[in-house]
Every structure is written in C-alpha cells, then in structure tokens.
Amino acid sequence: MAAGLAATFCMLVGCSQEKENPSVKPALVREDGTTHFEVDGKPFLMLTGELHNSTSTSESYMESIGVWEQMKHGNFNTVIASCSWDVIEDKPGHYDFTSVDHVIRNARKNGLKVVMIWFASWKNGNSTYAPSYIKRDPARYPLVQTRDGGFLNVLSTFGQESLNADRNAFAALMQHIKEVDKDYTVIMMQVENEMGILGSVRDFSPAAQKAWEGPVPSDLMQYLSSHKGRLFPELEKVWGENGCKMSGTWEEVFGKSHTRAEDLLSDYPYYTEEIFQAYHYAKYVNEIAAAGKAVHDIPMYVNNWLRQPGMINPGEFPSGSPLPEVIDVWRAAAPAVDFTAPDIYISEYEWVLSQFALSNNPIFIPECRVDVAKALYAFGEYDALGFAPFGFDGGQNAAEGIYSADFENLGKCYAILSGMDRMLIKNYGSDKLRGLRVTEENTTPSVEMGDYILTARSSVRNQRAINYGQGAAQMARENAQLAAASRQQAQSGALILQTSPDEFYIVGINVSFSFSPKKEGAPGRILTDAIEEGTFVDGKWVPGRRLNGDENRVSINGVGAVRVVLYPSPVTAQGR
Ligand code: DGJ
C-alpha cells in the first residue's frame with residue numbers, strides 16, 4: 001500500500017492472537033499485500049448494516065422497532081450507528097453522551113460491535129448536524145461561498161473556529177468512549193459523512209480564494225514526488241502534463257481545469273478545483289481524526305458520495321469528497337485517516353471496487369442495498385473488511401417476525417460467513433479465494449483457480465404466467481408478480497475458496513456452476529467427484545446432503561454453501 005495511509009496501518013504484522021482478548025485494541029493489519037481487520041485480537045469480518053440516520057438518537061425508538069432483534073435475526077456481528085454532533089453538544093463545550101451510551105450498552109448486551117459515525121461538520125455535503133450555536137453564527141463559523149458570492153449552508157473548510165469546535169467535540173466523544181468502553185465494543189469510527197461541496201466546484205470565500213491563489217502546500221508536493229509512478233492515473237497525467245512541478249499555484253501545478261462546456265469528453269472537468277477542495281477537506285478531517293486517535297486510538301475511515309451517471313462537474317457530486325481520483329490527495333493530507341470507503345448505490349459495482357482498490361485502499365462498503373451477491377463478491381474478490389446495507393432497520397418488523405426476503409438472504413449469508421471468517425481471512429491476498437457476480441452485462445462470469453475454470457450463471461429462470469384462461473388483466477398481474485419475484489432473485493453470485501487442488505467451497509446465491517480445464521486443449525471434461533451441501537460452524541464444515549443422481553450438479557438456489565471435488569475425466573470425449 002502507498003505509504004501515507006499505510007503508516008497508520010500500525011505495522012501490526014504478526015500481532016494477531018488466536019485467543020479472544022477483549023482488551024486488545026481493534027487494528028487494521030497489513031499482511032501478504034492485503035489488509036484485514038482484527039478485533040479482540042482475532043481476525044474479524046464486519047457482517048453489518050447501517051441504521052437510518054436518526055434511529056440511534058433514541059433508545060426507546062430502537063426498542064420499539066426491535067433493532068437488536070433484527071440484527072440477531074440477520075446474524076450481524078456489528079452495527080453501524082451514528083453519533084450526531086448537535087445531539088451531544090447543545091452549548092459550546094457542554095456534552096451529553098446519553099445517545100452514545102445506550103448504543104454501546106445495548107450492543108454489548110447483544111454481543112455486537114459498533115462502528116460509530118461522527119455526523120458533524122458535514123453530512124451528505126451539508127452541515128445540518130452542526131450544533132445550533134454554530135449554525136446560527138456564520139460570521140464566526142463561515143460558510144462556503146459560490147463563484148458569484150452567494151452562500152451555501154455548508155461549513156467552509158477554512159473556518160478555523162468550526163474546525164476547533166468539531167475537533168474538541170470529537171476528542172470529547174473519543175475520551176468518553178475510552179472511559180465507558182474498556183472492552184472495545186466500538187471498533188471503528190467513521191469521521192463525518194459523505195462530505196464535499198454540493199452546489200459549487202469549490203469554495204470561493206475570501207479565505208478559500210487566498211489559498212487558491214497561493215502555492216500548493218509542500219506536504220502534497222512531497223507526496224506526489226515520493227509516489228510518482230504510483231498515483232491515480234489522472235492525477236499522474238495532469239501533474240506530468242504540467243511539467244511535474246514541485247512548486248507553484250494550484251493551476252500552475254495541476255493545470256487550468258477543463259470545464260464541461262469546453263470539453264464534453266473530459267472525465268474530470270474542474271479537476272484542479274476538485275483536488276484543491278479535497279486537500280482542504282482532508283486537512284480539516286485529519287485534525288479531527290488525529291485528535292480522536294490521540295485520545296483513543298482505533299481505526300478511522302471516511303466515506304463518500306460517488307459520482308453518479310450524469311453528475312459530471314464537482315459540485316453536482318460533493319466536490320472534495322474522498323473519491324478515487326483524489327485518493328492520493330487525501331492520503332497526503334490526512335494520514336490519520338486509515339482508508340476511504342465507498343457508499344455504492346450505482347450499478348457499476350465492480351468498477352467502483354476496482355477504482356477504490358487501485359492503490360491498496362482496503363475495501364469496506366458501509367452503505368449499499370441489501371444484496372448478498374454484492375457482499376460475496378466484495379469478500380471473495382476484494383478481501384473486504386466488511387459489508388453493510390444502509391437503513392436495514394426500515395423494512396423489517398421484528399415484533400411480528402416479518403423480514404424482507406432480501407434481509408433473510410443476508411442473514412443466511414452472514415451465518416455461513418461468520419462460521420468461516422478466519423478461513424477466509426487466512427486466504428486474503430491469495431488466489432485461492434475469488435468472487436464473482438452474475439450481472440446483465442456479464443451473465444457467465446468465470447474465474448481460473450488451479451487447473452480449473454469455474455463458470456457461474458444464474459440459477460433463476462425467467463418465468464411467465466401460464467394462461468388458464470384468466471383474462472388479460474389477470475395475466476398482466478401474474479406476470480408482474482413473477483417479474484418482481486425474479487428481480488428479487490436476480491442477485492446471483494458467489495465466493496469460492498479452494499482448499500486443495502481439486503476441492504472448492506462455494507458460498508453463493510441463486511447460482512450454478514460448470515467447470516472446464518484451464519489447460520488449453522486438455523482432452524477430458526471436468527467431472528465432479530463429490531458434491532455436498534453444508535455450512536461452516538466455528539471454522540468447521542458441517543455437511544448436509546450429499547448430492548448425486550438427479551441432484552448431481554453445483555447449483556445453489558437461494559443462499560447456501562457447497563463443497564465440490566473436481567477431477568478431469570480420464571477418458572476423452574471420443575471414449576479413448
Ligand atoms: C447516503 C448517506 O450517507 C446516508 O446517511 C443516507 O442519507 C443515505 N444516503 C440515504 O439513502
């Protein structure tokens with residue numbers, strides 16, 4: 001991994017301990033070219049989900065909707081809950097941590113860990129979570145200004161008083177967590193939420209303008225120089241095109257931005273402005289994270305709002321957000337932040353992960369839709385630290401035991417993964433663990449593992465209603481229901497773990513597999529020696545049905561796991 005963030009990855013190689021020890025700090029461990037997470041001294045996958053934004057402000061509300069039962073039902077081991085700045089600090093320096101304490105207490109009681117989000121200076125670009133005394137005093141806590149001098153309701157990264165207040169509040173929060181959380185129930189912090197400016201390519205306030213006209217700070221220049229050849233390609237390109245200068249203004253070093261109007265094909269219009277804004281968000285957030293870590297040192301990350309199709313200029317998506325094209329800028333300016341995590345609501349899921357992994361940024365998906373295939377793909381293909389559907393608490397009715405089908409699937413998947421977490425993590429960084437996902441664009445994804453090629457396809461067939469003479473309207477209704485059911489079952493994918501040359505464990509959803517030899521021109525077909533359904537409990541495979549005869553195929557309907565042993569047919573197609 002690139003050195004900036006790597007430095008904070010604590011160089012803990014070799015510190016993992018086999019026995020659970022709740023007094024061991026949670027830590028990101030860099031090993032074998034990949035990163036995994038350790039909690040209580042053991043490798044840990046965050047099998048989690050994120051609560052709706054306001055849920056954790058009220059203990060009684062959480063009880064009333066049965067949040068803890070929901071998570072138990074879904075086999076979660078972690079909850080992503082938030083701490084709102086305006087809730088904990090009503091007057092300057094006066095803190096009340098009631099809304100934090102009940103989350104920690106109830107999580108502990110229910111055997112769950114907590115990732116806590118610090119909703120503070122910025123949430124989804126805006127500053128609605130700043131305490132009242134800040135929101136009402138823009139003279140002291142300045143706002144972002146647009147090119148024409150207008151104001152946005154977004155705290156400026158150049159507001160020193162805002163930074164001081166946010167940093168003090170976060171340090172107080174971390175101090176409180178340190179005091180009440182000796183067993184590290186809180187395992188990680190998300191600092192701010194999807195920050196960046198919406199509504200302007202950058203901040204044009206007087207302080208921002210002065211910085212824009214001034215030199216690129218030396219820490220960023222040093223980072224570019226020490227990471228030359230390993231920077232995000234577009235950053236490398238613009239820096240190179242402008243002569244790889246080691247000093248100068250933003251426009252001298254990175255060039256005058258292409259704008260959308262000038263260059264419709266440019267992937268990164270207003271890139272220099274985005275770089276500038278990213279640097280200043282990162283600097284601000286770094287001070288907050290560093291102050292928090294100085295008090296209570298647990299891993300901290302930032303998340304982001306991705307560019308969506310059609311959002312081209314920064315400002316249409318939050319400008320300065322820790323996106324892949326400015327990840328180096330974030331690393332240079334925010335060494336106290338351990339990694340950046342994508343919230344993925346767009347359909348280019350594989351592409352997003354590939355971009356975020358470009359520079360060995362560990363993958364954690366703190367927000368996504370409930371989708372088992374996406375979870376399996378992230379763990380299998382990207383050594384993910386964790387996966388979390390957003391707002392899972394909205395669609396379930398724990399009191400009546402009614403859960404959405406997707407949530408049920410997620411729970412089944414989490415149960416299997418939690419039984420094999422250490423096995424998986426042991427194989428992080430190796431080609432023995434792979435993931436694939438069936439999509440509209442790629443209906444037969446395949447992976448090469450050892451001597452074999454494993455090809456997946458969806459096990460769900462599109463169904464049409466049978467006409468028993470029920471009339472057009474009824475037929476249309478039935479077809480709509482079938483289409484909805486098949487959309488729901490459209491999630492199809494798997495993770496595959498190879499445990500010996502011929503043996504594979506496949507955890508999948510709605511997926512079937514065929515096998516072929518990797519060696520080109522190999523004569524025989526690949527046959528199955530044994531196929532077994534089953535699951536993992538405490539790292540051990542617990543077999544279910546042995547599949548043969550009519551069931552002699554690797555096909556998982558719904559969520560499940562199989563063990564399959566392959567062999568090349570000793571006879572050729574011609575029977576010789
Ligand atoms: C992304 C944000 O990060 C979440 O807090 C939440 O507002 C969701 N969007 C809503 O879909």
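The values are calculated or read from the model by the stated rules, or taken from the named source; none is laboratory data. What you see is a predicted model, and the numbers here were worked out from it, not measured in a lab. Using ideal geometry, Cβ is built from the backbone for each residue, glycine included, and neighbour counts are taken over all protein chains shown. To get the accessible areas, we keep the full protein, side chains included, count just its heavy atoms, and leave off ligands, DNA and RNA. Shrake-Rupley method; radii C 1.70, N 1.55, O 1.52, S 1.80 Å.
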Could you please give the count of residues in the stretch 94-136 that are in contact with a Ser or Thr (Cβ under 7 Å, 6 or more places away or on another chain) and hydroxyl-bearing (S, T, Y)?
4
Which of (1) under 23 Å from L376 (Cα atoms); (2) of a type in the set (D, E, K, R); (3) over 28 Å from the mean Cα position of the chain (by Cα) does D538 not meet, given it meets every other one?
(3)
Among the residues listed as V100, V115, the single one being within 16 Å of the ligand (Cβ to nearest atom), of a type in the set (V, I, T) and in contact (Cβ under 8 Å) with a residue 60 or more places away in the chain:
V115
If you take the residues of the stretch 19-53 that are open to solvent by 20 Å² or more (accessible area, probe 1.4 Å) and acidic (D, E), which of them is nearest to E408 (Cα to Cα)?
E20
Residue check for S60: without any contact (Cβ under 8 Å) to a residue 40 or more places away in the chain and within 16 Å of the ligand (Cβ to nearest atom):
no
Note: among D529, D538, just one is at positive phi and of a type outside the set (A, V, I, L, M), namely D538
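Could you say which residue among G315, G310 is open to solvent by 10 Å² or more (accessible area, probe 1.4 Å) and touching a Ser or Thr at 6+ places or on another chain (Cβ under 7 Å)? Walk me through how you get there before you give the answer.
Working: G310 fails: touching a Ser or Thr at 6+ places or on another chain (Cβ under 7 Å).
Just a single option satisfies the conditions, and that option is G315.
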V329 vs. criteria part of a helix (DSSP H, G or I) and closer than 23 Å to S225 by Cβ:
yes
Qualifying positions in the stretch 73-91 - in contact with a Pro (Cβ under 8 Å, 6 or more places away or on another chain) and in contact (Cβ under 8 Å) with a residue 60 or more places away in the chain
I80, W85, E89
Are any of the residues in the stretch 550-560 surrounded by fewer than 16 Cβ atoms within 10 Å (Cβ to Cβ), modelled with pLDDT of 95 or more and within 24 Å of S430 (Cα to Cα)?
no
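Tell me which residues, restricted to the stretch 74-97, are more than 16 Å from the ligand (Cβ to nearest atom) and among the polar types (S, T, N, Q). Step through it out loud before you land on a result.
Step one: list which residues in the stretch 74-97 are more than 16 Å from the ligand (Cβ to nearest atom), which gives 74-78, 88-97.
Scanning the stretch 74-97 gives N75, N77, T78.
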Can you tell me which residues in the stretch 480-532 are assigned to a helix (DSSP H, G or I) and either at pLDDT 95 or above or open to solvent by less than 30 Å² (accessible area, probe 1.4 Å) (or both)?
S486
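Can you find a residue in the stretch 273-280 that is away from the ligand (no atom under 16 Å from the Cβ), within 21 Å of the chain's Cα centre (by Cα), at pLDDT 95 or above and buried (at least 22 other Cβ atoms within 10 Å of the Cβ)? Steps first, answer last, please.
Taking the stretch 273-280 first, the residues away from the ligand (no atom under 16 Å from the Cβ) are 273-280.
Subsequent filtering for residues that are within 21 Å of the chain's Cα centre (by Cα) retains 278.
Remaining after also requiring at pLDDT 95 or above: 278.
Applying the additional criterion that residues be buried (at least 22 other Cβ atoms within 10 Å of the Cβ) yields 278.
Yes - at least one qualifying residue is present in the stretch 273-280.
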Looking across the stretch 342-377 at residues that are among the small types (G, A, S) and assigned to a loop (DSSP other than H, G, I, E, B), the single one that is most open to solvent (accessible area, probe 1.4 Å) is S347
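Being more than 28 Å from I453 (Cα to Cα) and hydrophobic (A, V, I, L, M, F, W, C), is that true of even one residue in the stretch 425-433? Before the answer, list the steps.
Residues of the stretch 425-433 that are more than 28 Å from I453 (Cα to Cα), as a first pass: none.
No, the stretch 425-433 has no match at all.
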